[in-house]
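The values are calculated or read from the model by the stated rules, or taken from the named source; none is laboratory data. Every value quoted in this text rests on a predicted model; they were computed, and no experiment measured them. Backbone-built Cβ (ideal geometry, glycine too); neighbour counts: all protein chains shown. Ligands, DNA and RNA are stripped out before the accessible areas are found, and what is left, the full protein with its side chains, is counted by its heavy atoms. Shrake-Rupley method; radii C 1.70, N 1.55, O 1.52, S 1.80 Å.
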Amino acid sequence: MGDSAGGEKKLWWKEGVVYQIYPASFKDSNGDGLGDIPGIISKIDYLKDLGIDIVWVSPMFDSPQVDMGYDISDYEQVYRPYGTVEDMDTLIEACHSRGMRLILDLVINHTSDQHAWFKESRSSKTNPKRDWYIWKPPRYDAAGNRQPPTNWRSYFSGSTWEWDEHTQEYYLHLFAKEQPDLNWENEGARNAIYDSAMRFWLDRGVDGFRIDTVNMYSKGLEFPDAPVVDPKAEFQPAWSIYANGPRMHEFCREMNQKVLDKYDAMTVGELPHTPDPKRVLDYVSLADRQLNMVFQFDIVDLGQGTSAKYQFQEWKLPMLKGIVTKWQQFIDGTDGWTTAFCENHDQGRSVSRYASDAPEYRVLSAKMLATMLCSLTGTLFIYQGQEIGMINVPRDWPIEEYKDIEGVNFYNHIKESTGNDPAAMKYVMDSINILGRDNARVPMQWDDTPYAGFTDRPEGAWMRVHDLYPEINVAKQQRERDSVLAFWRDMIRFRKENADVLVYGSFEVFEPDNEKTFVFAKKQGQRKAVVALNFTGEEQTVDVPYADEVVFRVGNYPDGEPDGETGGGKQKKLRAWEGRLYLLR
Ligand code: GLC
Ligand code: CA
């Protein structure tokens, strides 16, 4: 094993910093309370100025919006309230003319039940597209009652099977019943996906895809029941059966051979339920041409319940450090690649989850986490609002303020199954408040005018704006030299200036069992960086490794490294939530 991580071969999608936009909540340009494509275009210079190279737009395709656009009814149209295909052409051009790239979400495990393909498929058992989706006859229990083909639990509660009266069969939906799963065993369906969802947009100039639930297309042919891990529940988590199925790698290779290889396109796959590094490597070897990189889920699963997501569990810092170390080192000596991220549209805010959102610590926390992320090997992904340190919504928001099908369905499920038990309901609300997807979906906070400058609509935005927008917003942070936004901008520049060690270097962790501090080093040949982070609100002493070789360069406190500590000594005192980066002198 050398001093640099695997895949040091330099490529644009390795060094590029990616910014994820959630179109409903980024910027409303026409006063209807919903974000839109012209709104995104109006903010491209803001992203350029931040140092962003690649813009990732979450689904903006035509959709009935049962799952915020992850239920697509036409891949070749834009959801009308967001704009038109011509607006997308303008957005592509707006990115390209500034030397930036644009990637889209590729949601091809399922479509909407309103997609023309599914309407045909469900019209009769003999329709040519019947086999494009997954249809099964019922089972019958001892009492002769009709039952779904398996005991699988959907991500959004209930069974993964929906009964179709008309043709007297069930269809599979791993997510909502309005999101029927495509049958990837069917070659005609695969070719239609490649044409409609991929080539259509690549030909218009998009530069790649974030691939939704990339490991669930190959479900096998058996459809066995899932093991019972939750005896009280009717339906059981079944990802051990449908994730990473037998033909998954074949399908990924085919996508490249038939489509992606013809373009200089990047791919990042969403890869849940895959904790084993060997299995992840099978997807990301450069030579094997499947995926460029993936979002492995360990970091965002931290604190989630094991049998159901919204059962929050306490966790300790060594767990986080173990996860970061594992996914930094797994590409060592290989031609694979990794990612650095801790937020997206499916997660609570990182400041609230991994650090402290208390008023006195949230700015320090946001900068400390930025120091960590900008020092990690792999492609860096930032989610909208992360660059200004947005935090979770207040705990006292009632369930009515939450819009996400996943959280709301789970809330209703617990309400029904416990008869509205107060203790159970409090625990659910605590869990939804920390882990809920809506934390990331509230409108972007642009300024301190009504509705955070997100919309001009007198009645406000489609979703409640975070109460703290007068304090946490872009305009204010653009005026303040020591803001979270200014820090991210500087950190991104610093990362690029030192890309050899920060983007491509090998990773070494120190004191992995220490529950208060996280100290790691990055190396590339003779070049070294050391990062020391305090994950507590109290002063902590750390040993800085390679102390004779490195000097303080970046910190989240205004005075940087206090005088007494500069120069000599290996021992440093880190103040509350302090983060420091040292670089070879
Ligand atoms: C992915 C998306 C999530 C969506 C799901 C179904 O996990 O990130 O938002 O609900 O897929 O498409
Ligand atoms: Ca709008």
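Residues 443, 450: which one is free of Cβ contacts under 8 Å to residues at least 24 places away in the same chain and more than 30 Å from residue 581 (Cβ to Cβ)? One residue alone meets the criteria, 450. Which one is farthest from ligand 2 (Cβ to nearest atom), of the residues in the range 26-75 that are within 19 Å of residue 117 (Cα to Cα) and touching a Ser or Thr at 6+ places or on another chain (Cβ under 6 Å)? Residue satisfying both the conditions and the ranking: 75. If only residues of the range 380-398 that are loosely packed, with under 15 Cβ neighbours inside 10 Å and touching a residue at least 24 places away in the same chain (Cβ under 8 Å) are counted, the one that is nearest to ligand 2 (Cβ to nearest atom) is 394.
If you go through the range 431-472 and pick out every residue that is out of contact with any Gly (no Cβ under 6 Å at 6 or more places or on another chain), more than 16 Å from ligand 1 (Cβ to nearest atom) and not in a loop (DSSP other than H, G, I, E, B), you end up with 5.
Residue by residue, here is whether (1) within 17 Å of residue 385 (Cα to Cα); (2) surrounded by fewer than 17 Cβ atoms within 10 Å (Cβ to Cβ) holds:
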position: 20; (1), (2): yes, no
position: 28; (1), (2): yes, no
position: 36; (1), (2): yes, no
position: 79; (1), (2): no, no
position: 92; (1), (2): no, no
position: 96; (1), (2): no, yes
position: 123; (1), (2): no, yes
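For the range 238-275, a tally of residues being touching a Pro at 6+ places or on another chain (Cβ under 9 Å) and among the hydroxyl-bearing types (Ser, Thr, Tyr) returns 1.
Within the range 315-338, being among the hydrophobic types (A, V, I, L, M, F, W, C) and surrounded by fewer than 18 Cβ atoms within 10 Å (Cβ to Cβ) holds for 315, 319.
Cβ-Cβ distances below 6 Å connect the following pairs, each with a first residue in the range 160-174 that is more than 17 Å from residue 234 (Cα to Cα) and without any contact (Cβ under 8 Å) to a residue 60 or more places away in the chain, a second residue that is open to solvent by 30 Å² or more (accessible area, probe 1.4 Å) and assigned to a loop (DSSP other than H, G, I, E, B), and a separation of six or more residues or different chains: 164/122; 167/125; 169/137. Modelled with pLDDT of 95 or more, open to solvent by 10 Å² or more (accessible area, probe 1.4 Å) and among the basic types (Lys, Arg), is that true of residue 210? No, not satisfied.
Residues of the range 154-173 that are buried (at least 23 other Cβ atoms within 10 Å of the Cβ) and farther than 15 Å from residue 135 by Cβ: 156 alone.
Here residue 222 passes the criteria (1) of a type in the set (D, E, K, R); (2) in contact (Cβ under 8 Å) with a residue 40 or more places away in the chain; (3) part of a loop (DSSP other than H, G, I, E, B) except the one numbered (2). Every test in (1) of a type outside the set (A, V, I, L, M, F, W, C); (2) in contact with a Lys or Arg (Cβ under 9 Å, 6 or more places away or on another chain); (3) part of a helix (DSSP H, G or I); (4) away from ligand 2 (no atom under 16 Å from the Cβ) is passed by residue 98 save one, and that test is (3).
Of the residues that make up the range 551-559, is at least one hydrophobic (A, V, I, L, M, F, W, C) and surrounded by fewer than 18 Cβ atoms within 10 Å (Cβ to Cβ)? Checking the range 551-559: at least one residue is hydrophobic (A, V, I, L, M, F, W, C) and surrounded by fewer than 18 Cβ atoms within 10 Å (Cβ to Cβ).
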